[in-house]
1. Under 8 Å between Cβ atoms, which residue pairs at least 6 apart in sequence (or on different chains) link something in segment 45-65 that is farther than 27 Å from LEU139 by Cα with a partner that is surrounded by fewer than 23 Cβ atoms within 10 Å (Cβ to Cβ) and of a type in the set (D, E, K, R)?
2. Does ILE131 count as at pLDDT 95 or above and closer than 19 Å to GLY24 by Cβ?
3. With respect to LEU79, is the statement that it is in a helix (DSSP H, G or I), buried (at least 23 other Cβ atoms within 10 Å of the Cβ), modelled with pLDDT of 95 or more and more than 12 Å from the ligand (Cβ to nearest atom) true?
4. Name, by its number, the condition in (1) within 16 Å of the ligand (Cβ to nearest atom); (2) over 20 Å from LEU132 (Cβ atoms) that does not hold for GLU55.
5. Take the residues of segment 21-43 that are surrounded by 14 or more Cβ atoms within 10 Å (Cβ to Cβ) and part of a loop (DSSP other than H, G, I, E, B): which is farthest from the ligand (Cβ to nearest atom)?
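The values are calculated or read from the model by the stated rules, or taken from the named source; none is laboratory data. None of the values given here were measured: they were computed from a predicted structure. Glycine also receives a Cβ, built like all others from the backbone with ideal geometry; neighbour counts cover every protein chain displayed.
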Amino acid sequence: MVSEKTAPVAVVMGSDSDMDVMQGCIEQLGSFGITPVVRIISAHRTPRIAAEFAENAAQNGIRVIIAAAGMAAHLAGALAAKTTLPIIGVPLVSSSGVGGIDALLSTVQMPPGVPVATMALGKAGAKNAAILAVQILALSDEELRRKLTEFKAAQEKSVIEKDSALR
Ligand code: RP5
């Protein structure tokens, strides 16, 4: 278990049922050498813990919080209400939900003054949340900037190779 005092990124999800998708986020962070704090905290089922986590996150050394939830996904917003750290929201498609539109709107439609940087639904959003977190950290970390440049170059090369294979 990584201490909250040493990890710069926290990946928080509303339920253990979100882990399958959020594993992609954790692995993407790992590809940049970042092992996040991972927590299951619910805005609705454990609201006191959610508030306490967000209130203490900055002093625990966390610099970016990724918050993922499905259905009426208030987790990212609830954390954003209690911290000045940047919050990246990942809306998830829940088997009991309405195809993800519920979580998407609940995450993205924050009132003025309390922003949540909302990603795409599901797996794509989970990966992009990790990359955006790295981009934020890279503003003050040259090594991460270098890794991001390499990541983009590798991504470009991979697409060009697939295109070439068709010709
Ligand atoms: C949300 O409700 C969670 O983030 C999850 O996506 C959804 C369903 O949760 P479970 O009933 O599977 O625990 O709070």
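1. Within 8 Å, the pairs are ALA50/LYS82; ALA51/LYS82.
2. yes
3. yes
4. Condition (1) is where GLU55 drops out.
5. PHE32
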